[in-house]
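Okay, structure first, notes after.
The values are calculated or read from the model by the stated rules, or taken from the named source; none is laboratory data. The structure presented is a predicted model; accordingly, all values stated were derived computationally and were not measured. Heads up, the Cβs are rebuilt from the backbone with ideal geometry, glycines too, and the neighbour counts pull from every protein chain shown.
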């Protein structure tokens, strides 16, 4: 079994902090670009791009286009993972954010179905594919560029900092859509929905500026100096660490899938089935995201103390226990109850999300880490990306039974718990192997 190569010491702690900040801002903007599609799919795309279908079928179609971004992610992981392990973390991350920003902004310029007919959803699907291609390399690179600048004892904490980008992106999206829903509800489905997409263009300029200002990681610089860069990183990692790939995939399912189930799907469920207002579901997502600004660093600190895999496992097992009570409360909820349920129900999945980067970074050798993290995460994202459409179909099959989303959440939780427990054992085995080799 392959062992983890010891990283060289960080020579510039000030740069490490700057990189952590830039990584957070970059993932926040990347998350905004990617997640704005999910919110629009839940709230308006069924009537903008799928007007020939009834509302329920249109929502399902919008969710399937939404899932296309996850189908593209493995290709992006292979492409940008190869570049990240061959030409460097920094240069590759500039390419990923540029592609994402351009694809997202172009959605805001896209004519609707009534204007260009079937070409509207076709082009929308293509742009979503480009978003997925970009994100396939973004997450793994952001985790690596933060952790590879960090002191070894702080790796788990630094790995949680890019995870803050997800709630910040959600906050930006929810706040913008909420303002539109409250201040100008009549224009939401005409041209108002375009505003959040068009904001991707100025956000792109900010992200590029920040990424140009940071240094390449000392880990990659050392690997390059030693001529230790693999010719085909994907083949190398699949050959040398296949079990670690499977463990990482399982460990990532809940951290990604809980967002798309509890926000993207539940927003459509809340407005379409429970009759809640758009303002209520957006407020729930907004307040829950604000709370994550506290819980993610807290869980990251805990991961630094007890280990990332243990935090992921604890969050997943806890989520499995609350899955059915959570959706029972949601099914009978008034608007204040709905907001409280979404906020409180998101705390335990956040533990699995906050510690995920540290868990995965600990599993792989630095020479192939960009490819390994990106590929494993993208496969997990495919599974998670179909959570809204699977849950929608399950809801139709069960005639809207209150427990149908709870089944999906519980299954994802148990898969992640198994992956995290596997990561503990795999990491222990790697350390024993490394000790034996040293002896």
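Suppose the filter is at pLDDT below 90, surrounded by fewer than 17 Cβ atoms within 10 Å (Cβ to Cβ) and farther than 29 Å from residue 272 by Cα; does residue 55 pass it?
Values: at pLDDT below 90: yes; surrounded by fewer than 17 Cβ atoms within 10 Å (Cβ to Cβ): yes; farther than 29 Å from residue 272 by Cα: no.
Answer is no for this residue.
For segment 34-44, give me each residue that is in contact with a helix residue (DSSP H, G or I) (Cβ under 7 Å, 6 or more places away or on another chain), part of a helix (DSSP H, G or I) and modelled with pLDDT of 75 or more. Show your work before the answer.
If we filter segment 34-44 for residues that are in contact with a helix residue (DSSP H, G or I) (Cβ under 7 Å, 6 or more places away or on another chain), which is where we start, we get 34-39, 41-44.
Narrowing further to those that are part of a helix (DSSP H, G or I): 34-39, 41-43.
The answer is 36, 37.
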field: Residues within segment 225-239 that are touching a helix residue (DSSP H, G or I) at 6+ places or on another chain (Cβ under 9 Å) and part of a helix (DSSP H, G or I), tallied
entry: 5
message: With the condition being within 24 Å of residue 388 (Cβ to Cβ), more than 18 Å from the chain's Cα centre (by Cα) and free of Cβ contacts under 8 Å to residues at least 12 places away in the same chain, I'd like the helices (runs of 4 or more DSSP H) fully within segment 240-359 carrying at least 1 qualifying residues.
response: 308-331, 335-345
task: Could you grab me the full set of residues in segment 363-374 that are in a helix (DSSP H, G or I) and over 13 Å from the mean Cα position of the chain (by Cα)?
output: 363, 366, 367, 368, 369, 370, 371, 372
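Go over the candidates 200, 207, 175 one by one and state the one that is in contact (Cβ under 8 Å) with a residue 40 or more places away in the chain and closer than 24 Å to residue 17 by Cα. Explain how you work it out, then say what you get.
Working: 200 fails: closer than 24 Å to residue 17 by Cα; 175 fails: closer than 24 Å to residue 17 by Cα.
Every option except 207 fails the conditions.
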message: With the requirement that a residue be surrounded by fewer than 24 Cβ atoms within 10 Å (Cβ to Cβ) and either free of Cβ contacts under 8 Å to residues at least 24 places away in the same chain or under 25 Å from residue 298 (Cβ atoms) (or both), what does segment 360-372 give you?
response: 362
task: Tell me, please, whether a residue that is crowded, with 22+ Cβ neighbours inside 10 Å, touching a residue at least 12 places away in the same chain (Cβ under 8 Å), touching a helix residue (DSSP H, G or I) at 6+ places or on another chain (Cβ under 8 Å) and farther than 18 Å from residue 139 by Cβ can be found in segment 373-388.
output: yes
field: Residue selected from segment 1-29 under the condition at pLDDT below 75 and part of a helix (DSSP H, G or I), by the criterion surrounded by the most Cβ atoms within 10 Å (Cβ to Cβ)
entry: 13
- request: Output the residue which, of all residues in segment 389-405 that are in contact (Cβ under 8 Å) with a residue 40 or more places away in the chain and outside any helix (DSSP H, G or I), is surrounded by the most Cβ atoms within 10 Å (Cβ to Cβ).
  value: 402
query: Given the conditions (1) modelled with pLDDT of 85 or more; (2) surrounded by 16 or more Cβ atoms within 10 Å (Cβ to Cβ), and given that residue 181 satisfies all but one, which numbered condition is not satisfied?
result: (1)
task: Evaluate the following for residue 339: is it surrounded by fewer than 24 Cβ atoms within 10 Å (Cβ to Cβ) and under 18 Å from residue 253 (Cα atoms)?
output: no
message: Would you confirm whether or not segment 170-183 contains a residue that is under 22 Å from the mean Cα position of the chain (by Cα) and outside any helix (DSSP H, G or I)?
response: no
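For residue 247, are the conditions met, namely being closer than 24 Å to residue 61 by Cα, crowded, with 22+ Cβ neighbours inside 10 Å and either out of contact with any helix residue (DSSP H, G or I) (no Cβ under 7 Å at 6 or more places or on another chain) or at pLDDT 90 or above (or both)?
no
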- prompt: Which of the helices (runs of 4 or more DSSP H) contained wholly in segment 58-148 include at least 3 residues that are in contact (Cβ under 8 Å) with a residue 24 or more places away in the chain, surrounded by fewer than 19 Cβ atoms within 10 Å (Cβ to Cβ) and in contact with a strand residue (DSSP E or B) (Cβ under 8 Å, 6 or more places away or on another chain)?
  reply: none
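Among the listed residues 424, 408, identify the single one that is surrounded by fewer than 20 Cβ atoms within 10 Å (Cβ to Cβ), part of a helix (DSSP H, G or I) and touching a helix residue (DSSP H, G or I) at 6+ places or on another chain (Cβ under 8 Å).
Values: 408 fails: surrounded by fewer than 20 Cβ atoms within 10 Å (Cβ to Cβ).
Matching residue, one of 424, 408: 424.
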